[in-house]
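Below is one structure, written out as structure tokens; comments come after it.
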Amino acid sequence: MASLARFRPAARRVPAFARAIQTYADTTQLQDTIEDQSKPFTVKLHEESFRSYQCETPSLEVEVKKDELLKMYKDMQTMRRMEMAADALYKAKLIRGFCHLAIGQEAVSVGLEYGIKPEDRVITAYRCHPFAVMRGGTIKGVIAELLGRQAGMSHGKGGSMHIFTPSFFGGNGIVGAQVPVGAGIAFAQKYLGNKTATFALYGDGASNQGQVFEAFNMAKLWDLPAVFVCENNKYGMGTPAERSSSNTEYFTRGDKIPGLQVNGMDIIASRHAVQYARKWVTEGNGPLLMEFVTYRYGGHSMSDPGTTYRTREEVQRMRSTQDPIRGLQRYIEEWGLATEQELKQLDKDAKAEVDQAVEEAKQSPEPLTKDLWTDIYYKGTEPPFMRGPRSPAPSSLYSPSRNAGTPVSAPQTRNPITIRLRKILGTNFTDEATTEALQTLSELYGTQSPVSASDSKAQTAEDPDSDDDWTDENAHPRLAVHDHREGLNETASRARKNLRRDLENKLAQGSQQFLQAFSEVDQTLDELQKHVAAMRIACDEAETQLRLSSEASQSLLDRAESLRSEREEVETRKSIVMLFLNRFTLSNEESEAITSREIAIGPRFFEAMNKAERIRNDCRVLMTGEDGPTKVGLDIMASTSSYLEQGYEKIYRWCSFEFRQMGRDVQLEVGSTMRQAISRLSQRPELLSEALAFLTQTRQTALLSAFLDALTRGGPSGLPRPIELHAHDPIRYLGDMLAWVHQAIAAECEFLESLFGLGGLEDEGRARRMVGAVRTFEGSEEEGWVKELLNSAVTKLCVPLKVRVQQTVRSQESSIVSYKVANLLQYYMLTMRRTIGEDALLSTTLSEITEVSYKVFFDAIEAQGRALLRILLDPDDPSLTPPLPILEHAQLLREIMHVYDSSVLDETASEPGQSFNRILDVMLDPAMEICAAAADEKTRHRPQWDQAVFVLNCWCYLQSVLETFEFTSEKRRTIQEKFDERVRLLEDEHYENILRDASLYDTVAIINSKSPSDPLSHLLPAQQLQPTLARFSLWLSSPEVVHSPRLSALSSPSLHSTIHRVSLVRVAKAYAKLCEEVRKSENRYEAASTLLGMERPFGQVGVLRAIFGLEEESEESTVD
């Protein structure tokens, strides 16, 4: 096998553009609110519940009913319980042989049954137990059949693969054989003209059988009403579908037969797809292929553990996320069709039903030995003999089935007694063999002498019942003695006549007995007729008496009817009055609930208030009569208004008391009673304002006390520790204070929102504010109350907070600490503005503190900048690197930039870093200024010191500090402009130095300053030019050509290379101009080419560029 592995094709990859169907069991969504659960309602399937091939996909909107969903849930639970019971019985060795379970595929079997009709036909493979039960079988019949008991659906003789019902053509043990049989069933239905559908189910493992494709071909050829259903549970026995099928989209395998792929884990999708398929085939559209994508939790059969070709994690994941029963349970609970307890009761009922069926199946006896001969032939087609030498078959072979509904009588010709009688009566005794045998027997056993003719006549005369036709008067006694053959024939004829006589006598005797019995019955009927006539006379007399009594009592009945009508009218008026009083008046209990102080605020009180408000609204109808307001309406309105005012007063007193109590706690919870009381009291703003005043006072005191305790005492038992213990650490000290305030405000805001019913389930109509979003406190009156109460509650925190923060800020000496403090304060200022509004007192206080903090910070860095300007460089220090004060100053700036970069405070700026430019200006401008000024001062004392290189090194270092931060781009552009200007000055100096070192400075100066009319040879004779060119040639051999000692002091190697290269380019241009001038005839040099070719670079600018390493540059860039 290993040698064949290399020939095995790799697993087929599904194209990236192919859309895979989803198999989740709980993706169907409810479309509308269910108002009446007794009526159908609409749900919407997931958009990937179906995939179609050459046909339209079913509609995603499905109409379902509550009762139907509950029945499907019960049936799926029952099917799973039945399969689990079969699993347990198999493991207990009570079930033997093959056993294939369908645990996990319940949505297919149950959904199929709920999508078809009873007259439709179904045939499937060996995983057939749920289909048999759903198609009319019983759980007891299935389990008993698996156990091999007489109560089984095949009397215990067929097992798992031989279970049938009138509309279910069983499971089939041959892989794929049921598909052509299903096509034949569909052909029969079409032939008979029945508007039914046939569903032939097979697995993905059987989909590659040749007979399956042959059945497809014939079904399409004849347009049979057949639905070929592939149950794709991902594995054919133990082989994944991808390893056994080149095309795993089984619904597309029908060629010209349309196909439909269905989510087989969602029972609603399965049922809807089956209904679509049935309608398709019954409307004459021909066959249809369906693929249910499902999953089995167990192995292929009970002998397969199911974990050798897949992982336990895969099975567990499917059970937990895509189980069809759990999916339907979620639908039922989320849509409010049943509670969890009701579903558990259905589970218990299903378990009890299966357990009872299992016990009854166990009690059923095993088949008897004689039952081996039964149920072999169709009734009426049994052969008379079994195979062998004409031995008659056992009588039990043709006994009717034990479970037959009604006994069926066999034809008269099949009666064994009749057959034997006819055989005896039809026997011919005239052949020689029979005659010889009878003669031998007569000689062996016969002792009677021959009968004479006279005796025969005498016997005939003595027997009055003798039949003359049975006597042969012409027979000669001598012939009877001598002719044995004639005697035997006469004996047989006499036996037949005697038998006929006996039968006729029996019939005559029976007729006489019947006549005698019938005469007795006739006499009895005569007596009965006399009694009936007497009863008729008595009934006539009774009828006459009843008629007389009815006429006498008619007046009483009329009076009673009149009284009853009056009573009904009084009862109607009474009910109308009672209904009016119940609708427009409060009962004593309701009045007491509103007015009594002993009854607390609660549901009873609010129900009474609701009724009072409803009465007041309904009274407007009574107030709009044609004659103006009625007295009844005015009285009811006055009484109801009085009760309502008392109720509002009661709510005000209760809320005031509760506010005094709850205001003493820092953390608060609001109950539904308090929330409803505030909602009621909001209809009386003046009472609500007075009640909330108590809440404001207590909350101010409580928050201030809690804040001071957090500063000085800490939490319970000293944890958390007091905030002022960290006063030596300003960042933590201020952060803890501000965090406490922010937490208190968040808790207070949550308390107030809960108090007014904002942001929760009671506030569904209002869009919820996102975390961190700016709160505007607009849109409702409740938002205004929350804003006002929140601002008032934290008012007393402002003074102690402001004093401590300002004291901490002003005591800081470190500018970096001051900046961190200012940054922290700005963060909390923005947070508070978004939480409680910009005009709140706490937000204003934090804004003032933040401004003070930033002022302290800028004062510190400005002072540091002024101190930096007073620093002088050491004249004796030859170093060209940035001095220590510059390094320390840059390090401080780097720390400040890191703090700014890690903050989120620059969100409102139009450009990143815009608010940081002031800090850069304050800190960098003095540093750059001191570098230039100190360098000038040191140059006066030390002329040989390289000022230009020092300034560039300092500025380059400052620029490198800014490069890692994007928000410094604007400042870096400013510095770069100044830096480029210094670089150009250094390039000019370096160019002049190279010309002096190369002995070309004077020559270039003469060429640049000469008049066009003066020949160059007069100003620069050849005798003077030749030594200059010799010294220049000698300089080209020095190391200074490729490396400048002066520029090596630059801290940036790239800057060194750039300046030196630019200078060399300018030197090459100067030499090119020199050669050009020498070669001009008007300059009057003799043998100019010889003069230039005596020394390197021999008058060739290209050679000079090669020496300088400038050969990669173009001619144009060199000349320019």
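The values are calculated or read from the model by the stated rules, or taken from the named source; none is laboratory data. Note that the structure is a prediction, hence the values are computed from the model and not measured. We place every Cβ from the backbone using ideal geometry, glycine too, and count neighbours over all the protein chains shown.
Worth a mention:
- Residue match in the range 1049-1061 (condition: under 16 Å from residue 996 (Cα atoms), at pLDDT 85 or above, in a helix (DSSP H, G or I) and of a type in the set (Lys, Arg)): no
- Cross-chain or 6+ apart pairs with Cβ under 7 Å, the range 1033-1046 first and among the hydroxyl-bearing types (Ser, Thr, Tyr), then at pLDDT below 85 and surrounded by 13 or more Cβ atoms within 10 Å (Cβ to Cβ): 1033/1095; 1033/1096
- Selection from the range 1011-1051 of residues that are of a type in the set (S, T, N, Q) and surrounded by 15 or more Cβ atoms within 10 Å (Cβ to Cβ): 1017, 1028, 1033, 1044, 1051
- All of (1) modelled with pLDDT under 95; (2) surrounded by 24 or more Cβ atoms within 10 Å (Cβ to Cβ); (3) not hydrophobic (A, V, I, L, M, F, W, C) hold for residue 109 with one exception: (1).
- Close pairs (6 angstrom Cβ cut-off, 6 or more residues apart or separate chains): within 30 Å of residue 893 (Cβ to Cβ) and small (Gly, Ala, Ser) in the range 796-823, at pLDDT 85 or above and crowded, with 23+ Cβ neighbours inside 10 Å anywhere: 818/857; 822/853; 822/857
- Options 958, 985; residue that is among the aliphatic types (A, V, I, L, M) and either surrounded by 16 or more Cβ atoms within 10 Å (Cβ to Cβ) or in contact (Cβ under 8 Å) with a residue 40 or more places away in the chain (or both): 958
- All positions within the range 176-203 that are surrounded by fewer than 24 Cβ atoms within 10 Å (Cβ to Cβ), touching a helix residue (DSSP H, G or I) at 6+ places or on another chain (Cβ under 7 Å) and outside any loop (DSSP other than H, G, I, E, B): 180, 187
- Scanning the range 63-104 for residues that are part of a loop (DSSP other than H, G, I, E, B) and more than 20 Å from residue 145 (Cβ to Cβ) yields 65, 104.
- Among the numbered conditions (1) closer than 18 Å to residue 646 by Cβ; (2) surrounded by 10 or more Cβ atoms within 10 Å (Cβ to Cβ), the only one that residue 572 does not meet is (1).
- Residue that is nearest to residue 258 (Cα to Cα) [pool: residues in the range 53-62 that are of a type outside the set (A, V, I, L, M, F, W, C) and outside any strand (DSSP E or B)]: 54
- Qualifying residues in the range 1070-1089 (those that are aliphatic (A, V, I, L, M) and free of Cβ contacts under 8 Å to residues at least 12 places away in the same chain) - the one nearest to residue 1006 (Cα to Cα): 1088
- If you check 983, 899, 922 for being of a type in the set (Val, Ile, Thr), under 30 Å from residue 1068 (Cβ atoms) and in a helix (DSSP H, G or I), only one passes: 983.
- Residue in the range 547-560 that is at pLDDT 85 or above and assigned to a helix (DSSP H, G or I) present: no
- Only residues that are in a loop (DSSP other than H, G, I, E, B) and either at pLDDT 75 or above or under 24 Å from residue 607 (Cβ atoms) (or both) were counted across the range 628-678, and they come to 3.
- Test for residue 810: is it basic (Lys, Arg), modelled with pLDDT of 85 or more and not assigned by TED's automatic domain parsing to the domain that holds residue 925: yes
- So residue 874, is it modelled with pLDDT under 85, closer than 30 Å to residue 948 by Cβ and outside the structural domain of residue 940 (by TED's automatic domain parsing): yes
- Per-region count, the range 122-175, residues in contact with a strand residue (DSSP E or B) (Cβ under 8 Å, 6 or more places away or on another chain), in a loop (DSSP other than H, G, I, E, B) and more than 19 Å from residue 228 (Cβ to Cβ): 3
- Residue check for residue 567: surrounded by 10 or more Cβ atoms within 10 Å (Cβ to Cβ), touching a residue at least 12 places away in the same chain (Cβ under 8 Å) and among the charged types (D, E, K, R): no
- Of the residues contained in the range 835-856, one or more are found to be in contact with a Gly (Cβ under 8 Å, 6 or more places away or on another chain) and crowded, with 19+ Cβ neighbours inside 10 Å.
- Qualifying residue in the range 214-235 (condition: over 29 Å from residue 283 (Cβ atoms), among the acidic types (Asp, Glu) and either assigned to a helix (DSSP H, G or I) or outside the structural domain of residue 286 (by TED's automatic domain parsing) (or both)): no
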